[in-house]
Amino acid sequence: MALKFSSYAVFLEFHQTIDNGGKKEMIEKTHAAHFPTLEAAINFSNDIKALSKFNASEPIPLVATEEVKV
């Protein structure tokens with residue numbers, strides 16, 4: 001049985017350095033946005049890369065799997 005891609009994920013990562021009372025700290029934030037089509041995921045990824053400081057991955061296909069317990 002061949003499983004089809006069920007959706008696409010775009011992983012986002014953001015780094016920010018803040019001054020915490022004279023001590024610099026690195027803050028990392030992450031998020032994974034999901035899209036039903038490859039085209040929507042590509043458009044989102046390209047927009048994020050162009051308009052923000054987030055690092056955005058290329059769309060990653062996700063496959064829905066089903067676990068069968070015997």
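Read-outs throughout are calculated quantities, based only on the coordinates presented, and are distinct from any laboratory measurement. Since we're looking at a predicted model, the values are computed, not measured. Counting neighbours? That spans all protein chains shown, and the Cβs are built from the backbone with ideal geometry, glycine included.
222 nm [θ] for the chain, helices only, -39500 (n - 2.57) per DSSP H run of 4+, per residue, to 500? Spell out each step's value before the answer.
On the way: 1 runs with 14 residues, N = 70.
After summing the helix terms and dividing by residue count, I get -6500 deg cm²/dmol.
The angle between the Cα long axis of helix 38-51 and the main principal axis of the chain comes to about 10°, on a 0 to 90 degree scale. The computed Cα extents along the principal axes in Å for the structure shown corresponds, within [x] 100, 19, 9; [y] 59, 35, 12; [z] 102, 15, 6, to [y]. Take the Cα of residue 63, go 7 Å toward its beta carbon, and the backbone nitrogen atoms of region 1-37 under 12 Å from that spot belong to 1-6. Reported to the nearest whole Å, the Cα centre-to-centre distance from region 48-63 to region 1-40 is 7.
Of 25, 58, 13, which is the most mobile in a GNM of the chain whose springs link Cα atoms less than 10 angstrom apart? It is 25.
Residue 51 to residue 27: extension gain in nm, 0.36 nm per residue of separation minus the Cα-Cα distance? Before the final figure, lay out the partial values.
Values: separation 24, 0.36 × 24 = 8.64 nm, distance 2.00 nm.
Gain in length upon complete extension: 6.6 nm.
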